[in-house]
Amino acid sequence: CLDVRENDNGDLVVTKGDQYDVREKNEGAEVRNLGKPVELARRYSEDGADEVTFLNITSYRGDVIDAPICQCLQLTSEHVFVPLCIGGGIRDYTDSKGFLHTALDVAAEYFRSGADKVSIGSDAVYAAEKFRADGIKDGKSCIEQISNVYGRQAVVISVDPKRVYVTSKDQSPHEVLEVEDGKLCWWQCTVKGGREVRDLSAFELAQACEALGAGEILLNCIDMDGQNNGYDTVLIKHMKSCVKIPVIASSGAGNPKHFTDMFAATDADAGLAAGIFHRKEVKIIEVKQAVKASGIPVRISEKNC
């Protein structure tokens, strides 16, 4: 996964958050720069990644169509021949020139630029809230619009939850589970890159989006993001029991064992990582070999062995 945004100089860079904070901790607090998007995507494809995901993490702030991310996607698709997923800015919006663009327009531009899938974040939360409130599938949500035209396999829901700890299960109207050290929590959905919370759980979001036509869940966890302490296996395992569509586990991987532990503890369909690959702490083939050694089916190309 490549989190992409413009830095303070206006250059498009790959960055990585620490619980979604992408700025350095030193004086000046510049955006963390881990490389150029096209170059990194090409490297990961050559190194054996099964899929590459771009997340345009500041797309909610302005125009999306004709933004630099589309050119980046076009250049990437010329050199990368694994599935490309792109997320960020998939919503109805009026651009700086006063023209209205629908979520379907944004998705179509991404597909024309080379994407195989689109990932929807904030707008999926709003669509789920509306569906849960009225129970009506009117074909107007971003999920329905895109899946009706391109198929549900092209629609990924990026879930960005954070833990909310409680002292008892009846303290919250949302489903509460036990995590490490006997603590209790529920997972609250966020929007706008984790900056705003909503009265909706990750499980409620996923179930509503599946009903609306989504084909895959990209499951993040803000608490684990950038910590390199392993995945939130309680969250992932329960999510798999809540939906029938594939669940991609994200957030927290720090070494190959974290992948094998996650697959052993959950029924996740795939594991995603970012920082450990960007910083060259771990090679993709090392992860795949560890996964294979643990008895889990994994695709390994001869050229990467």
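The values are calculated or read from the model by the stated rules, or taken from the named source; none is laboratory data. What you are looking at is a predicted structure, and each value in this text was computed from that prediction instead of being measured. Because the Cβ atoms are built from the backbone with ideal geometry, glycine has one as well, and the counts that use them run over all protein chains shown. Accessible surface areas use protein heavy atoms only, side chains included; no ligands, DNA or RNA. Shrake-Rupley method; radii C 1.70, N 1.55, O 1.52, S 1.80 Å.
Identify the residue in segment 175-199 that is free of Cβ contacts under 8 Å to residues at least 24 places away in the same chain and crowded, with 16+ Cβ neighbours inside 10 Å and, among all such residues, is nearest to the chain's Cα centre (by Cα).
Of everything passing the filter in segment 175-199, Trp186 is nearest to the chain's Cα centre (by Cα).
In the list Ser147, Ser122, Ser158, which residue meets the criterion of being touching a Ser or Thr at 6+ places or on another chain (Cβ under 8 Å) and either of a type in the set (Asp, Glu) or under 25 Å from Cys1 (Cα atoms) (or both)?
After ruling out the rest, the residue left standing is Ser158.
Among the residues in segment 23-41, are any at pLDDT 90 or above, out of contact with any helix residue (DSSP H, G or I) (no Cβ under 9 Å at 6 or more places or on another chain) and surrounded by fewer than 16 Cβ atoms within 10 Å (Cβ to Cβ)?
Yes - at least one qualifying residue is present in segment 23-41.
For Gly89, indicate whether it is in a loop (DSSP other than H, G, I, E, B), in contact with a Ser or Thr (Cβ under 6 Å, 6 or more places away or on another chain) and either of a type in the set (S, T, N, Q) or within 16 Å of Tyr150 (Cβ to Cβ) (or both).
no
Determine, yes or no, whether Cys85 is surrounded by 14 or more Cβ atoms within 10 Å (Cβ to Cβ) and under 20 Å from Gly215 (Cβ atoms).
yes
For segment 121-143, what are the residues that are touching a residue at least 24 places away in the same chain (Cβ under 8 Å), not in a helix (DSSP H, G or I) and not polar (S, T, N, Q)?
Matches in segment 121-143: Gly121, Lys137.
(1) closer than 15 Å to Asp63 by Cβ; (2) part of a strand (DSSP E or B): which one isn't true of Val118, the others all being true?
(1)
Any idea which of Ser168, Ser158, Ser172, Ser141 is of a type in the set (Ser, Thr, Tyr), crowded, with 19+ Cβ neighbours inside 10 Å and more than 18 Å from the chain's Cα centre (by Cα)?
The unique qualifying residue is Ser141.
Tell me, which helices (runs of 4 or more DSSP H) lie completely within segment 213-305 with 3 or more residues that are touching a strand residue (DSSP E or B) at 6+ places or on another chain (Cβ under 8 Å) and surrounded by fewer than 21 Cβ atoms within 10 Å (Cβ to Cβ)?
Counting at least 3 such residues, we get 233-242.
Would you point out the residue of segment 200-211, among those that are open to solvent by less than 10 Å² (accessible area, probe 1.4 Å) and assigned to a helix (DSSP H, G or I), that is farthest from Leu177 (Cα to Cα)?
Cys209
Report the residue count in segment 139-167 for those that are within 24 Å of Ile57 (Cβ to Cβ) and either among the basic types (Lys, Arg) or at pLDDT below 95 (or both).
Residues flagged as within 24 Å of Ile57 (Cβ to Cβ) and either among the basic types (Lys, Arg) or at pLDDT below 95 (or both) within segment 139-167 amount to 2.
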